[in-house]
Amino acid sequence: MKVGVLGGTFDPVHLGHLRVAEAEAEKLGLSEILFVPAGQPWWKAGDTVSPAADRVAMLRLALAGKGRFRLSIMEVEGPGPTYTVNTMTELRERLGPAAELFFILGWDNLGQLPRWREPSRLIALCRLVAVPRVDFPPPDLDALEAAIPGISRALLLLEEPRIDINASMVRQRVAKGLSIRGLVPRAVERYIKEHGLYRSEG
């Protein structure tokens, strides 16, 4: 069994997330992709993040009817800051040694991996699948290998899909009263409007 894991704040989930998941599911032959919203993301300490209940509700709406996509609230349910290495350790224990785990992240996050908790243990738990982020250059693989020996063997560095949507863009457009149609699923667009999310985004 091949399982993809797509983590993040999903504040909000947008069509870019879904397109990346669809593309990687096809490319890698994944049986399912777990969307794992962060509870208290350590990398956003000090930043305002929408309540987990709203982020989870939007994910439920976005993933409804998509057979290979699953929502996991394991990080939301856990106490304290969330770390990818802990999540992947728990998934490995749940799914057993026969499962192949693929952690999907953007080029931007891959470049920051040496700052993450126990990156060497992380690459022993799963393959990393790095997808492009518009306006971000490819990561320096030599520097990454020097910082995290062995990462080259655990890494799939992809050139596509190139997604030009991000959550900051969505929040900023809502705050300015601009349309977000075509950026998020329609059900998520309605949820944002009905619950008054992002209206005060700086």
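The values are calculated or read from the model by the stated rules, or taken from the named source; none is laboratory data. These numbers were taken from a predicted model, which means no experiment stands behind them. Don't worry about glycine lacking a Cβ; one is built from the backbone with ideal geometry, like all the others, and counts go over all protein chains shown.
Within region 70-94, the set of residues being in contact (Cβ under 8 Å) with a residue 60 or more places away in the chain and within 13 Å of Leu122 (Cβ to Cβ) comprises Thr84, Thr87, Met88, Leu91.
Residue by residue, here is whether (1) at pLDDT 95 or above; (2) of a type in the set (A, V, I, L, M) holds:
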| residue | (1), (2) |
| --- | --- |
| Phe136 | no, no |
| Pro139 | no, no |
| Ala146 | yes, yes |
| Ile151 | yes, yes |
| Leu158 | no, yes |
| Ile165 | no, yes |
| Gln172 | yes, no |
| Pro185 | yes, no |
| Glu201 | no, no |
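Taken across region 117-132, residues that are closer than 25 Å to Val13 by Cα, without any contact (Cβ under 8 Å) to a residue 60 or more places away in the chain and of a type in the set (Ser, Thr, Tyr) do not occur at all. For beta carbons closer than 7 Å, sequence separation of 6+ or different chains, a first residue in region 17-30 that is surrounded by 15 or more Cβ atoms within 10 Å (Cβ to Cβ) and a second that is part of a helix (DSSP H, G or I), the qualifying pairs are Leu18/Ala62; Leu30/Glu24. Being assigned to a helix (DSSP H, G or I), of a type outside the set (Gly, Ala, Ser) and touching a His at 6+ places or on another chain (Cβ under 7 Å) is the filter here, so list the residues in region 163-178 that pass it. Val170 - this is the single residue of region 163-178 that is assigned to a helix (DSSP H, G or I), of a type outside the set (Gly, Ala, Ser) and touching a His at 6+ places or on another chain (Cβ under 7 Å).
This table checks each residue for (1) within 28 Å of Ile180 (Cα to Cα); (2) in a helix (DSSP H, G or I).
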{"site": "Leu61", "(1), (2)": "yes, yes"}
{"site": "Met88", "(1), (2)": "no, yes"}
{"site": "Arg92", "(1), (2)": "no, yes"}
{"site": "Pro114", "(1), (2)": "no, yes"}
{"site": "Ala124", "(1), (2)": "no, yes"}
{"site": "Asp135", "(1), (2)": "yes, no"}
{"site": "Ser152", "(1), (2)": "no, yes"}
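I want to confirm something. Restricting to region 179-192 and keeping residues that are surrounded by 12 or more Cβ atoms within 10 Å (Cβ to Cβ) and outside any helix (DSSP H, G or I), which single residue is farthest from the chain's Cα centre (by Cα)? Within region 179-192, the match that is farthest from the chain's Cα centre (by Cα) is Ile180. Residues that are among the hydrophobic types (A, V, I, L, M, F, W, C), more than 18 Å from Thr9 (Cα to Cα) and free of Cβ contacts under 8 Å to residues at least 60 places away in the same chain do not occur anywhere in region 101-113. The single condition among (1) aliphatic (A, V, I, L, M); (2) closer than 12 Å to Gly4 by Cα; (3) crowded, with 17+ Cβ neighbours inside 10 Å; (4) modelled with pLDDT under 95 that Leu110 does not satisfy is (2). A single member of Arg94, Arg121 is at negative phi, at pLDDT 95 or above and loosely packed, with under 14 Cβ neighbours inside 10 Å, and it is Arg121.
Each row is one residue, and each column tells you yes or no for (1) over 30 Å from Glu189 (Cβ atoms); (2) exposed (fewer than 13 other Cβ atoms within 10 Å of the Cβ).
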site	(1), (2)
Leu71	no, no
Tyr83	yes, no
Trp116	yes, no
Val129	no, no
Arg133	no, no
Ala146	yes, yes
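If the condition is being touching a Ser or Thr at 6+ places or on another chain (Cβ under 9 Å) and free of Cβ contacts under 8 Å to residues at least 60 places away in the same chain, then region 160-186 contributes Arg173, Ala175.
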